1. Please go through the stretch 111-147 and pick out each residue that is more than 19 Å from the chain's Cα centre (by Cα), assigned to a loop (DSSP other than H, G, I, E, B) and surrounded by 13 or more Cβ atoms within 10 Å (Cβ to Cβ).
2. Among the residues of the stretch 13-29, count how many are at pLDDT 95 or above and not in a loop (DSSP other than H, G, I, E, B).
3. Do we have T193 as touching a Lys or Arg at 6+ places or on another chain (Cβ under 8 Å), among the polar types (S, T, N, Q) and in contact (Cβ under 8 Å) with a residue 24 or more places away in the chain here?
4. I'd like the full set of residues that are out of contact with any strand residue (DSSP E or B) (no Cβ under 6 Å at 6 or more places or on another chain) and modelled with pLDDT of 95 or more, limited to the stretch 171-180.
5. Going by the conditions given, is E210 part of a helix (DSSP H, G or I) and at pLDDT 95 or above?
6. If the requirement is being polar (S, T, N, Q) and under 15 Å from T100 (Cβ atoms), which of these qualifies: N127, N147?
7. Could you please find all residues in the stretch 218-253 being out of contact with any helix residue (DSSP H, G or I) (no Cβ under 8 Å at 6 or more places or on another chain) and of a type in the set (G, A, S)?
8. Can you list residue pairs whose Cβ atoms sit under 9 Å apart, with the first residue in the stretch 156-171 being part of a helix (DSSP H, G or I) and the second being of a type in the set (G, A, S) and at pLDDT 95 or above? Count only pairs 6 or more apart in sequence or on different chains.
Amino acid sequence: MDATAIFLAESNKMIAYPPDVNKTISPADLERFEVVPHAQALNQFGRQLWWKRVPYAVNGALRMRFRGIRWNKLWEYSRGLAYCDFRPGMRVLDFGGGATIPLFWLAKDGCDVLSLDVDEKLTAHTNAVAQQRGWKLKGSTFDLTQNEAPRDWQPFDRVMSFCVIEHIPKAAQQLTLTRLAALLKPGGLFALTFDFGENAPVDGAVRSAEEVAGMIAASGLKPIGDGRFHDTGERFPIDKKYPGHEFTFGSLFLQKS
């Protein structure tokens with residue numbers, strides 16, 4: 001198996017991380033043996049939500065969805081599940097993913113999830129679904145980009161943020177990453193994705209491997225896998241709002257010592 005195995009003492013089992021786990025998006029990633037079951041399960045769960053008339057959000061748009069999760073979002077979500085070893089009872093902090101399907105999936109599986117999203121509509125929907133389903137899921141509009149976390153917040157086993165950091169002004173990105181990383185327990189994992197490339201359309205996108213290194217340094221965490229960020233060089237028109245922009249997503253999986 002072309003993977004490095006890292007033993008997580010807290011989980012008492014082996015977790016296989018590919019050496020290039022920190023990388024840019026590639027369709028081939030969705031065919032990796034450790035990712036396939038998570039991708040299939042998320043798509044099936046999305047159909048279940050449709051039948052139950054529960055909308056979920058993608059890129060801030062909240063609506064009913066029958067056709068499944070677009071491949072680029074499925075890449076983010078399924079790899080996050082595959083490599084973060086989520087288990088029932090874990091405390092999970094989501095940054096900026098209000099009403100998205102990973103929140104509902106993790107809460108359904110017994111995680112205790114706090115989602116921070118300044119969008120009041122998405123946060124309200126998160127709380128409404130959690131109450132309806134009886135899940136340990138809470139949405140909050142607390143803005144971690146502007147404020148230190150409250151002192152009474154307990155440390156989290158996992159932190160995740162899928163393509164949110166680029167929507168924060170550059171001047172605030174590294175401070176926000178520092179604050180998020182500080183909320184992790186020792187041994188905890190941080191899953192982070194972001195728009196990447198010179199042609200990425202939003203102003204706060206990550207443009208280079210040097211910027212990625214700066215983000216890692218700001219977090220104070222250690223990348224898993226071989227510790228490097230791998231850019232495959234592939235670029236795609238992955239944002240329907242910007243069909244003329246070919247760019248990519250980057251991913252980081254970072255662990256607290």
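1. Selection gives W135 alone.
2. Matching residues across the stretch 13-29 total 5.
3. No.
4. So the first thing to find is which residues in the stretch 171-180 are out of contact with any strand residue (DSSP E or B) (no Cβ under 6 Å at 6 or more places or on another chain), and the list is 171-179.
Scanning the stretch 171-180 gives A172, Q173, Q174, L175, T176, L177, T178, R179.
5. Taking the combined requirement at face value, the residue satisfies it.
6. N127
7. Once the filter is applied, which keeps residues that are out of contact with any helix residue (DSSP H, G or I) (no Cβ under 8 Å at 6 or more places or on another chain) and of a type in the set (G, A, S), the stretch 218-253 yields G225, G227, G233, G244.
8. Every condition considered, the pairs that remain are I165/G96; I165/G204; E166/A200; E166/G204; E166/A205; H167/G96; H167/G204; K170/G204.
The values are calculated or read from the model by the stated rules, or taken from the named source; none is laboratory data. All values reported here derive from a predicted model rather than from experimental measurement. Neighbour counts are summed over all protein chains in view; Cβ atoms, including those assigned to glycine, are modelled from backbone coordinates with ideal geometry.
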